[in-house]
Amino acid sequence: MPNALQDKPQLTVLAIESSCDETACAIVRDGVVLGESISTQIPIHRLYGGVVPEIASRNHAVNINEVVRTALAESGVTMADVDAIAVTYGAGLIGALLVGVSYAKGLAYAHNKPLMAVNHIRGHIAANYLAHPDLEPPYVALIVSGGHTAVAEVTDYTHLTIYGSTADDAVGEAFDKVARVLGLPYPGGPEIEKLARQGKACIPMPHAKMAAKYDFSYSGLKTAVINYVHTKEQKSEPYERADVAASFQDAAVSILAEHAVDLAQERGIRTIAVAGGVGANGRLREVLNNYAYPKGIATLFPPKRFCTDNASMIGMEALVQIRAGADFAPMTLDAVATIPLRSN
């Protein structure tokens, strides 16, 4: 059954994102970001080498009201102009999600606005619609984040088919773990990329072959780095951290590029869109382009600010769902720590 806003000529969504360590709000109108605000907790969690869930939750509670106020002020929009409230309900840290969900429900109730529950990973995919308004399904989505790694065919705006996912660590998680081994601060992805520019990919690294054609495994690659570093240190042998970073990074991104391009060719699709925080990695962009371009496949990347967690992508996904006639969420909406990637 169509929702009440499906055919409204112009739609304005206020979106909230709080799944990990970024408190964010954005005002999105028909695919255009009118205003956005992000409060990052990276300096706080860097002291601990990673995100501490309890600290993240407390800081979301402190920051969320000001983040929403700032996004509204920047957009020039009032709550009377907002058609719907959107919020990330999963997947993520449960305490962090609960802050955003609770605030969004209160805002929706107080202003009599419908509430749209958004899957965080689908938000990452929708970031491509903000950056590339002409993008239309079908296309291959390469999903690369701290919690998920997968290749999928986006068959239409509300459905996707997963062809491969990770059997263990997600690629973003592997970047963070290798960064810790190399003594680099959190978040590890940008630090690995920066260090790798000073080195050479000259250290042999494993390339896992999985039973399922398009599945990934990063556990063995991570362990190979740990073993290499520990062996060198135990023998008091010198080694170049930059070479380790470059070798790991090339191994990590090459398998992503291979699977995405192979799936696009198998399915007869000419476009690959990258979704998730690791999509900001310059080496991934370079390698994927190198694999795809000779085969006549276009590669699309959101701007780096839309790769990492943000509320603009959540607003865009909410607009997609509303236009597709999706049901709004009840006021009993709860946060969910894990959402199966294969779920629509």
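Which ordering of Thr40, Thr338 is given by a fewest-first count of other beta-carbon atoms within 10 Å?
The most exposed by this proxy come first: Thr338, Thr40.
Using a Gaussian network model of the chain whose springs link C-alpha atoms within less than 10 Å, name the residue from Asn112, Asn310, Asn128 with the highest mean-square fluctuation.
Asn112
Using Cβ counts within 10 Å as a stand-in for footprinting exposure, how do Ile125, Ile44 rank, fewest first?
Sorted ascending by nearby Cβ count, the order is Ile44, Ile125.
Please give the calculated 222 nm ellipticity per residue for the chain, where each DSSP H segment of at least 4 residues contributes -39500 (n - 2.57) and the sum is spread over every residue; nearest 500 deg cm²/dmol?
After summing the helix terms and dividing by the residues of the chain, the value is -14000 deg cm²/dmol.
I need the shape label for the stretch 115-214. Rule: rounded when a/c is under 1.5, else prolate if a/b > b/c, else oblate, with a, b, c from the alpha carbon gyration tensor.
prolate
Using a ≥ b ≥ c from the Cα gyration tensor of the stretch 137-301 (square roots of the eigenvalues), is it rounded, prolate or oblate, where a/c under 1.5 gives rounded and otherwise the larger of a/b and b/c decides, a/b for prolate?
prolate
Rounded to whole Å and sorted largest first, what semi-axes of the equivalent ellipsoid does the C-alpha gyration tensor of the chain yield via the square root of 5 times each eigenvalue?
For the chain, the ellipsoid semi-axes come out as 35, 24, 16 Å.
Rounded if a/c is under 1.5, else prolate if a/b is larger than b/c, else oblate: which is the stretch 1-159, with a ≥ b ≥ c the root eigenvalues of its Cα gyration tensor?
oblate
Once the dipole of the chain is set up with Lys and Arg at +1 and Asp and Glu at -1 on Cβ about the Cα centre, which of Val151, Thr332, Gly172 lies farthest towards its positive end?
The residue sitting farthest along the positive end of the dipole is Gly172.
Mind sorting Glu17, Glu191 by how few other Cβ atoms lie within 10 Å of their own Cβ, fewest first?
Glu191, Glu17
Show me the trypsin sites (Lys or Arg not before Pro) within the stretch 184-226 that DSSP assigns to loop and that have at most 16 other Cβ atoms within 10 Å of their Cβ. Walk me through the numbers before you get to the answer.
Details: sites: Lys194, Arg197, Lys200, Lys209, Lys213, Lys222; in loops: Arg197, Lys200, Lys209, Lys213.
Of the trypsin sites (Lys or Arg not before Pro), the ones in loops of the stretch 184-226 whose Cβ has at most 16 other Cβ atoms within 10 Å are Arg197, Lys200, Lys209, Lys213.
If each residue of separation counts as 0.36 nm, what is the full-extension length gain between Thr40 and Arg58 once their alpha-carbon separation is subtracted?
Extra length available between Thr40 and Arg58 comes to 5.2 nm.
Label point 7 Å out from Glu266 along Cα-to-Cβ: which residues of the stretch 135-160 have amide N under 19 Å?
Hits in the stretch 135-160 for Glu266 at 19 Å: 138-144, 149-156, 160.
To the nearest 0.05, how large is the calculated FRET efficiency for Thr332 and Lys213 if R₀ is 30 Å and r is the Cβ-Cβ distance?
Efficiency, rounded to the nearest 0.05: 0.15.
Could you work out the relative contact order of the chain? I mean the mean sequence separation of Cα pairs under 8 Å and 6+ apart, divided by the number of residues, in percent.
It rounds to 25 percent for the chain.
How big is the charge dipole of the chain about its Cα centre, in debye rounded to the nearest 20, if each Lys and Arg gets +1 on its Cβ and each Asp and Glu gets -1 on its Cβ?
Computed charge dipole of the chain: roughly 440 debye.
Cα-Cα over 30 Å: which of Lys232/Lys304; Lys200/Lys235; Lys209/Lys232; Lys200/Lys304; Lys194/Lys232; Lys177/Lys304?
Details: Lys232/Lys304 35 Å; Lys200/Lys235 22 Å; Lys209/Lys232 27 Å; Lys200/Lys304 25 Å; Lys194/Lys232 22 Å; Lys177/Lys304 22 Å.
Lys232/Lys304, as the Cα separations exceed 30 Å there.
Read the figures in this text as sums done on the coordinates, not as results from a lab. Quick caveat: nothing in here was measured; it's all calculated off a predicted structure. Counting neighbours? That spans all protein chains shown, and the Cβs are built from the backbone with ideal geometry, glycine included.
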